[in-house]
Every structure is written in C-alpha cells, then in structure tokens.
Amino acid sequence: MKITIRQKSGMCYLYADISVGKIRVTPTIGISVKKGDFNLKSQSVKGETEIETNLLINKFKSSILSLIRHLQLSEKLTKQNILDGVKVLKEQLTNPDYKPINPTIFTTYIQRYIDRNTGVKKLATIKQYNNSLAKLKSYEKKRKVTLTFDKIDYEFYNDFINYTTKELKLSCNSIGNIIKGIKLWMNAAQEEGLHKNMAYSSKTFKKPTESSESIYLSEEELSLIKSTNLTNRHLENVRDLFLLACYTGVRSQDYSKLDKTHLINNGSMFKVRTEKTDTEVIIPLHPIAKEILDKYDGKPRVISNQKFNEYIKIVCELAKIVEPITLTMTIGGNKVSTTKPKFKFVSSHTARRSFATNAYKAGVPTLAIMAITGHTTEKVFLKYIKVTKEEHAFLSSEHPFFANT
C-alpha cells in the first residue's frame, strides 16, 4: 500500500496517488496551493505560514490509510469504494458545514448510483433512472415516509404498484421499468454490503409487463410514402431518412451511421456498431436504401428525434396513411383503447418494426433478420414483428407443404 500526495504539473490542486495491490486511483483532495510550492519529497507546502495546510495534508493521508484498512477488513476493497470514500473524506475535512448522508436511505443511494454512472451509461438509461427516482420521491412525499433499504419489501411493492397505477395512472410497462430499477439498485446496494434485505429478489417482487401494441407500415404503404410529392425540403429529408431506416432496421440513435463511411464490401453492406447494445451488425444494402444514399451523396442529414417524429406524421398524412387504427394498453389499471388515423401513430420506431415485419413477410430467414435487429431469442423477435394471424396463415399457405398436388 502506498499513498503519495502530488501536485499536477502547472496546476494548483493536489491529488492523492493511491496504490493498493493492483488497484491504483488518483483522486483530488480538495486542497490547492501555489504552483510549484508543494514539495513532493517532504509531502508538504513551503513556508512557515502553511502549517495549517500541511496539517490538513497529513490528516488526509492518515484518513485515507484508515479508509483502506477498513475496506480491506470488510472485504470491500474496490477502486470505486476507495474513490467514494475519499470523496466523503474530502467533504469532511475541507467543508466545516458537511453533514454526512444516511447510507440506509434508498433514494439517497439511488442518486449516488446515478451520479457514479452519469457519463458511463447511456444518456437514455440515466434519463430513465432519474424518472424512476422522481416517482419514488413522489411516493415518499405522498405517503409521508422515508424509504430505507429495510422498507423495500412486499408490502411496499404492493402499495407502490397501487400508487403508480391508481394515483399516477402510469402504464403497465412504465411501472415495470421502475420496478426493474428498484431491483437493480437493491441488488447493487446488497453487493456493496449496505443491507441484507432480500425481499426484492422474491418471485412475487416481479416487474409488471404487457405486450405493447404498435404499428408497422407495409411495403405498399412505404411505396406510397416514397412516391408522394413533397415540396417542403425538410419533409423530404425526413421522408428519405425514414425510408432508409425502414430498409436497414436501425434505431433512431444510429441514423447518423447510415452514410457512405459505414459501407463495406464494395458498398454492398452497412457495418454499424449500435449505440444501445454496443454490438456490431452487418446490413445488406437494399436498392431503395442505395437510391437514397446516392441522392444525398452518401450523407443523409439527421435531425433531432423530436422533430423527426413530428415531421414524419405530416409526411404520412400527405401520403394518405389515414386508415383508422385502434391500439390498446393498460393505463391506471384499466385497458384503454385509442383510435386514430394511422399516420398519428407513426414514429421513428415504426421504421424498425416495418423493416423486421416486411423482411419476415418476404421470407427472409428469421435468424438473418435477428442478426440485423439484434434480437437474441426468436420468442422475443416474434413478439416484436407485427404480423396478424391471418397474415401468418397466408404465409404458411404458400409453403410447399400446403400447396396443391
């Protein structure tokens, strides 16, 4: 074990160079001195007036040593735990108004978890975490309770489901996402040794879920969109980007990768590393996708997802995609059906479902489509595509087994 206080070259702040076995971390310690005034050999600041600063430096080193010994004895010595511990020490030693947080408060732990993972996990994931945390805090306020690890039991589970269903009127899948987060955070805290409450791991403490209803656009409807005359340049750009996605199956966050720089095999395939799953997919270049790439000299213009979803509805309305569609989902514990013209349900995600469904209907092998969409099981994939029972029967009727002899 070795702890050395250092000053970054040309900078004022001091940091601790901590080495324990194979672990090495270099956190700042919240002390700044004039450039060049810190003596590395003596581990002190020059000058008789710096007695207080030198005492603080020595106190830091001593406190860090105690922290590491504690982590070793409790078998919790990790890089992250050292960084977290030094962060608390820095607050304790440099901030006279510091008040330690209660580590048993569940929402406090969640906030710390979010802070630690911001910049590490996807922005959409952090957004979901913050949304779930807000719902838990609203529950605490409404029920006039402070959630600790020990209170996350089946009684809480039932009451929280009731609260989010009847009072917040959230959809079944939205509630499921929050429960999924609760189980994640309880598990992470348990692994850190912060609690021994295992109620969250029970089969009864499960994530509510239901198959979501959504739409896809058929080849005929995509042809209508493609042939619609659009005089507005922004609408034309969105229409072309949407069609490009309909023939590649990528998610909206990967639209920026649908350009000539990601083409391989003499321009016959896209090679894309997806943002959501960080996996590499190879996508054959459909003739319509090639036509769109050529139109934009291999670099289609990407806009924000919010604007995209707004404009594509206008495009589909102009293309006469106006058939009444009814979708049903559970909101507030009740089945709620909504009927609208089809264009009002179209979004960026419709393109991905349209790709998977149309490829399936065209006879492309399921495993080949899954390799592009990133689905890992056929069961999940078959739920994802939007083929009616009648369409399934029609596809089967064309198989040689059912053909007339």
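Quick notes on this structure:
- Using the Cα coordinates of region 227-366, the gyration tensor eigenvalues translate into equivalent-ellipsoid semi-axes of 27, 19, 14 Å, sorted from longest to shortest.
- Neighbour-limited loop hits for GluC sites (Glu not before Pro), region 35-80 (at most 11 other Cβ within 10 Å; DSSP other than H, G, I, E, B): Glu75
- Both radii are taken from the alpha-carbon atoms of the chain; with Rh as the Kirkwood radius, Rg/Rh is 1.09.
- Placing +1 on each Lys and Arg Cβ and -1 on each Asp and Glu Cβ, with no other charges, gives region 1-152 a dipole about its Cα centre of roughly 720 debye.
- Across region 29-34, coupling constants 3J(HN,Hα) worked out from phi with the 6.51/-1.76/1.60 Karplus curve, θ = phi - 60°, read 10, x, 10, 10, 9, 4 Hz, and Gly and Pro carry x.
- Of all DSSP beta bridges confined to region 14-170, the antiparallel ones make up roughly 90%.
- Calculated FRET efficiency, Ile331 to Thr279, Cβ-Cβ distance, R0 = 45 Å: about 0.85 to the nearest 0.05.
- Dipole axis of the chain (+1 Lys, Arg; -1 Asp, Glu on Cβ), positive-most option in Leu285, Phe106, Leu67: Leu67
- Dipole check for the chain: with +1 at the C-beta of Lys and Arg, -1 at the C-beta of Asp and Glu, and the Cα centre as origin, the magnitude is about 960 Debye.
- For Lys76, distant residues with modelled amide H under 5 Å away: none
- Gyration tensor (alpha-carbon) shape descriptor, region 234-283, a/c threshold 1.5: oblate
- For region 379-384, backbone phi angles converted through the Karplus equation (6.51, -1.76, 1.60; θ = phi - 60°) give residue-by-residue couplings of 4, 5, 4, 5, 6, 6 Hz, Gly and Pro being listed as x.
- Geometric descriptor of region 102-200, per residue, is 91 Å³ (volume of the convex hull of the Cα atoms).
- Structure-based [θ]222 nm, the chain - -39500 (n - 2.57) summed over DSSP H runs of at least 4, per residue, nearest 500: -14500 deg cm²/dmol
- Close amide H pairs (under 5 Å, H built 1.01 Å from N) link Ile325 with Lys340, Lys342, residues at least 5 positions away or on another chain.
- Projecting the Cα atoms of Phe38, Gly176, Phe355 onto the charge dipole of the chain, computed from C-beta unit charges around the Cα centre, puts Phe38 farthest toward the positive end.
- Available extension along the chain between Ala188 and Ser138 is 15.7 nm, counting 0.36 nm per residue and deducting the alpha carbon span.
- Net charge of neighbours whose Cβ lies under 12 Å from the Cβ of Ala245, counting Lys and Arg as +1 and Asp and Glu as -1: +3
- Farthest towards the positive end of the charge dipole of the chain, among the residues Tyr163, Val25, Ser211, is the Cα of Val25, using unit charges on the Cβ of Lys, Arg, Asp and Glu.
- Shown for the chain: the carbon plus sulfur share of the solvent-accessible area, taken with all protein chains present and a 1.4 angstrom probe, equals 53%.
- A protection proxy built from the mean count of other Cβ atoms within 10 Å ranks the segments 305-316, 240-251, 136-147, most packed first, as 240-251, 305-316, 136-147.
- For peptides 24-33, 7-16, sequence by mean Cβ density within 10 Å, most packed first: 24-33, 7-16
- Cα gyration tensor shape for region 16-153, rounded if a/c is under 1.5, else prolate or oblate: prolate
- For Gly30, nonlocal amide neighbours, meaning residues 5 or more places apart or on other chains whose placed amide H falls under 5 Å from its own, are Leu14.
- Remark: the chain carries 58 Å² of accessible area per residue (probe radius 1.4 Å; ligands, DNA and RNA excluded).
- Dimensions of region 190-294 based on its C-alpha atoms, expressed as ranges along the principal axes with the largest first, amount to 62, 33, 23 Å.
- A 1.4 Å probe over all protein chains sorts His375, His70, His349 by accessible area into His70, His349, His375, starting with the largest.
- Per-residue 3J(HN,Hα) values for region 228-245, derived from phi via the Karplus relation 6.51 cos²θ - 1.76 cosθ + 1.60 with θ = phi - 60°, read 5, 7, 10, 8, 8, 4, 5, 5, 5, 5, 5, 4, 5, 5, 4, 5, 4, 5 Hz in sequence order (x marks Gly and Pro).
The values are calculated or read from the model by the stated rules, or taken from the named source; none is laboratory data. No experiment lies behind these values; they were computed from the predicted model shown. In this analysis, Cβ positions are derived from the backbone assuming ideal geometry, glycine residues included, and neighbour counts consider all displayed protein chains. The protein model used for the area step is the full one, side chains on, heavy atoms only, and it has no ligands, DNA or RNA in it. Shrake-Rupley method; radii C 1.70, N 1.55, O 1.52, S 1.80 Å.
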